[in-house]
Amino acid sequence: TQLLEQSPQFLSIQEGENLTVYCNSSSVFSSLQWYRQEPGEGPVLLVTVVTGGEVKKLKRLTFQFGDARKDSSLHITAAQPGDTGLYLCAGARTSGSRLTFGEGTQLTVNP
Amino acid sequence: EAGVAQSPRYKIIEKRQSVAFWCNPISGHATLYWYQQILGQGPKLLIQFQNNGVVDDSQLPKDRFSAERLKGVDSTLKIQPAKLEDSAVYLCASSLDGGASDTQYFGPGTRLTVL
């Protein structure tokens, strides 16, 4: 059973388009993180959200944590080819507990 | 600042052989993690060290996997004997102290292929 479900699994869009990827669970998380992973490299942390309803912005990326702390979304505005990569969400059930990763969304932005 | 170093980057072995991976964390980081990432999946934690002590190894298949961090710095992960399903990328990560707000920094991984 996958604790964190990510959708869509694959997404291919044109440069300049907007997109949203989702991370859903039936469980409550103390915190949730988003990572981007490029081929041949390890994941790189983009953001951590800890408060229900929290919204964080990182340039063209907007992250939202659901009110019930069971889900999260990542919205990218005006996507660029450099945004291509595997986007992973990861949650911690309690403070300091191990991270559980979703299976990722593979994003391809075509020029 | 140097990142997390891992070697080798690639390894191909036959089933039932043994293999070892090495990780050098970021200097000063007390916490070290080993993850297994199977193709098409997210990373799964195998073991977490705090200095040279094991914090969490509940998902480590202990009949064939072992890991050590003897001096609280470098770490090795060993598989003996390897099975076909062990084909994956093995990621090492480190963090300052493993706290709730701590950031994990990942190495580039070792891609293992078991034939």
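Figures for the structure shown
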{"quantity": "Residues (part of a loop (DSSP other than H, G, I, E, B) and open to solvent by less than 10 Å² (accessible area, probe 1.4 Å)) located in the stretch A:98-109", "calculated": "A:102, A:104"}
{"quantity": "Count of the stretch A:57-96 residues which are of a type in the set (A, V, I, L, M, F, W, C) and free of Cβ contacts under 8 Å to residues at least 12 places away in the same chain", "calculated": "0"}
{"quantity": "Residues of the stretch A:68-97 satisfying the condition of being within 9 Å of another protein chain (Cβ to nearest Cβ) and either of a type in the set (Lys, Arg) or open to solvent by 60 Å² or more (accessible area, probe 1.4 Å) (or both)", "calculated": "A:94, A:95"}
{"quantity": "Test set (1) buried (at least 17 other Cβ atoms within 10 Å of the Cβ); (2) among the hydroxyl-bearing types (Ser, Thr, Tyr); (3) over 24 Å from residue A:87 (Cα atoms); (4) at pLDDT below 95 - residue B:58 fails condition number", "calculated": "(1)"}
{"quantity": "For residue A:99: the one exception among (1) over 16 Å from residue B:41 (Cα atoms); (2) among the aliphatic types (A, V, I, L, M); (3) touching a strand residue (DSSP E or B) at 6+ places or on another chain (Cβ under 6 Å)", "calculated": "(1)"}
{"quantity": "Residue tally, condition polar (S, T, N, Q), in a strand (DSSP E or B) and open to solvent by 70 Å² or more (accessible area, probe 1.4 Å), over the stretch A:20-55", "calculated": "0"}
{"quantity": "Count of residues meeting criterion [more than 8 Å from chain A (Cβ to nearest Cβ), surrounded by fewer than 20 Cβ atoms within 10 Å (Cβ to Cβ), modelled with pLDDT of 95 or more and part of a loop (DSSP other than H, G, I, E, B)] in the stretch B:74-115", "calculated": "6"}
{"quantity": "Scan of the stretch B:48-73 for residues that are more than 10 Å from every other protein chain (Cβ to nearest Cβ) and assigned to a strand (DSSP E or B), ordered by number", "calculated": "B:49, B:50, B:53, B:54, B:65, B:66, B:67, B:68"}
{"quantity": "Condition broken by residue B:39, with the remaining ones in (1) loosely packed, with under 13 Cβ neighbours inside 10 Å; (2) within 14 Å of the chain's Cα centre (by Cα) satisfied", "calculated": "(2)"}
{"quantity": "Failed criterion for residue A:17 (all others in (1) acidic (Asp, Glu); (2) away from every other protein chain (no Cβ under 13 Å); (3) within 22 Å of residue A:95 (Cα to Cα) hold)", "calculated": "(3)"}
{"quantity": "Unmet requirement for residue A:33, which otherwise passes all of (1) closer than 21 Å to residue A:8 by Cα; (2) more than 14 Å from every other protein chain (Cβ to nearest Cβ)", "calculated": "(2)"}
{"quantity": "Residue in the stretch A:55-77 that is closer than 29 Å to residue B:5 by Cα and in contact with a Gly (Cβ under 6 Å, 6 or more places away or on another chain) present", "calculated": "no"}
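The values are calculated or read from the model by the stated rules, or taken from the named source; none is laboratory data. Just so we're clear, the structure is a prediction, and the values are computed from it rather than from any experiment. Cβ coordinates were reconstructed from backbone atoms using ideal geometry, including for glycine residues, and neighbour counts include every protein chain displayed. Protein only, heavy atoms only, side chains kept; ligands, DNA and RNA dropped before computing areas. Shrake-Rupley method; radii C 1.70, N 1.55, O 1.52, S 1.80 Å.
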